[in-house]
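None of the figures in this text is laboratory data; all of them are computed from the coordinates on show. Quantities reported herein were computed from a predicted structural model and do not represent experimental measurements. Counting neighbours? That spans all protein chains shown, and the Cβs are built from the backbone with ideal geometry, glycine included.
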Amino acid sequence: MAQIKPFRCIRPDSSVADRVAALPYDVYNRQEAKQVTEKEPLSFLNIDRAETGFDDSVDTYDKRVYERARKLLDGMIADGIYKKDEDEVYYIYEQVMDGRTQTGIAACAAVDDYINSVIKKHENTRADKELDRINHVDACNAQTGPIFLAYRSNDIINSIVNKTKKSEPIYDFVSSDGIQHRVWKLAEKDDITAVEKAFSDIDSIYIADGHHRAASAVKVSLMRRKQNPGYTGKEEFNKFLAVLFPHDELMIMDYNRTVKDLNGLSKEEFISRIKENFDIISVGSEPVKSTQKGEFVMYLDGEWYVFRANDKLRMIDDPVASLDVSLLQDYLLGPVLGIGDPRTDARIDFIGGIRGLAELKRRADSDMKVSFALYPTSIDELFAVADAGMLMPPKSTWFEPKLRSGLFIHSLE
């Protein structure tokens with residue numbers, strides 16, 4: 001039974017929402033983030049990546065960085081750029097990308113639901129990345145980046161969302177990447193009650209994107225509980241900011257790989273090793289996309305190849321081992337190319353499908369040697385892994401479009 005609550009939101013004034021809204025903090029490196037903040041002084045990235053206000057000699061995780069984030073947030077509230085709504089409501093957040101629409105509900109999820117696995121994860125997290133967001137949330141006393149959650153589509157929720165979308169949106173703008181963003185306030189008491197009740201009848205909610213933000217929010221909550229031993233469970237620090245989407249509106253893109261070298265093998269030896277577990281053919285100099293599960297595309301030395309998992313691999317009956325990302329890692333990247341741990345091996349890099357096949361070619365022709373394009377992981381595969389209490393390999397899913405930070409802020413007070 002999921003606890004998905006309305007909340008008192010801190011949000012931008014409608015006149016500046018388009019300038020404030022920013023892509024998640026972790027899609028940029030430091031220099032890219034600095035370029036964004038220099039171009040747009042109101043971008044929420046100034047707060048999410050407050051190190052952009054210092055020269056490069058200041059460490060990204062310096063205490064002064066988090067103090068600056070809090071100062072900037074307080075200043076934007078004081079200046080009226082942000083305001084705090086008086087009523088506890090839900091918000092409907094619609095994104096339109098290339099003609100495809102996904103519509104979520106901005107709300108607060110329960111920390112206890114994460115702890116008790118009502119909210120299920122499918123990826124491991126790294127302690128250093130967690131610590132960064134722990135410090136950021138704790139210093140700002142607010143959650144500033146929503147966690148992207150998914151649930152199995154529900155007719156009651158869909159009906160209320162569609163009804164609310166017939167009213168006038170509070171935000172309506174197109175971001176620089178061509179994605180349209182609309183937000184409505186879902187404030188009718190009967191609708192709030194119905195949505196809350198509908199979520200309470202849902203057994204499982206899934207983290208689609210934002211595992212580090214979720215884990216960090218939970219750890220800040222546990223810290224606050226220790227600091228407040230008389231807590232009741234109703235305090236704001238017992239919740240975390242999320243946007244929840246029905247599963248049938250979501251799109252997962254391919255998450256591709258590029259590798260530095262052939263692990264000492266010649267091109268002929270490498271292709272021969274591939275043939276041990278895959279059927280491979282050359283398709284020439286023009287790029288092609290993978291069209292089915294178990295099919296991979298490779299670019300090497302100016303040539304594109306398609307290779308498919310053999311019958312033995314296709315018979316694997318395990319939620320994780322049968323994933324295409326697992327087949328590639330377990331039967332090629334690991335045993336052939338020597339990539340033992342893709343999370344730490346400097347010889348491998350990952351390229352989101354949004355960058356296209358041209359980026360795979362560019363990397364293999366410049367600083368890397370060989371690139372691999374995969375068929376996207378499906379939302380059903382994600383659910384199956386999470387339901388089994390298992391974890392996917394790193395970089396298994398790439399969701400588009402990304403949620404914007406800065407449109408919804410949840411105060412911990």
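Which angle from 0 to 90°, rounded to the nearest 10, does the C-alpha axis of helix 211-227 make with the longest principal axis of the chain? Between helix and principal axis, roughly 40 degrees. Summing -39500 (n - 2.57) over the DSSP H runs of n ≥ 4 in the chain and dividing by its residue number, what mean residue ellipticity at 222 nm do you reach, to the nearest 500 deg cm²/dmol? Result for the chain: -9000 deg cm²/dmol, rounded to the nearest 500. Relative to the longest principal axis of the Cα atoms of the chain, the long axis of helix 189-200 lies at roughly 40 degrees.
Please report R224, R404 as a ranked list, fewest other C-beta atoms within 10 angstrom at the top and most at the bottom.
Sorted ascending by nearby Cβ count, the order is R224, R404.
Counting 0.36 nm for each residue step from V58 to R308 and taking away their Cα separation leaves a gain of 85.2 nm.
Give the cross-link partners of K84 among the aspartates and glutamates, using a straight C-alpha distance below 15 Å as the criterion and excluding same-chain residues fewer than 8 apart. Once the sequence-local aspartates and glutamates are set aside, what remains near K84 is D13, D74, E236, E413.
For a modelled paramagnetic label at R19, 7 Å from Cα along Cα-to-Cβ, no residue of segment 49-64 is in reach, as no backbone nitrogen comes under 16 Å. Here, segment 267-413 yields an orientationally averaged convex hull projection of 11.4 nm² when only Cα atoms define the hull. Sorted ascending by nearby beta carbons within 10 Å, beginning with the fewest, S15, S378 become S15, S378. Maximal additional length on extending the I202-K267 stretch stands at 18.2 nm, based on 0.36 nm per residue less the C-alpha distance. The spacing between segment 304-367 and segment 1-56, judged by their C-alpha centroids, is 32 Å.
For K293, the aspartates and glutamates whose Cα falls under 15 Å of its own Cα, not counting residues fewer than eight places away in the same chain, are D254, D279, D311, D317, D318, D324, D380, E381.
So which of K71/K189; K39/K120; K34/K234; K5/K163 end up more than 27 Å apart, counting from Cα to Cα? Pairs exceeding 27 Å: K71/K189; K39/K120; K34/K234.
The shape of segment 104-185 comes out oblate: with a ≥ b ≥ c from the C-alpha gyration tensor, a/c is at least 1.5 while a/b does not beat b/c. Helix 356-365 and the long axis of the chain differ in direction by around 50°, with both axes built from C-alpha atoms. Spatial offset of segment 376-408 relative to segment 244-293 amounts to 20 Å, using the alpha carbon center of each. Per-residue Cβ neighbour counts within 10 Å put F54, F372 in the sequence F54, F372, beginning with the fewest.
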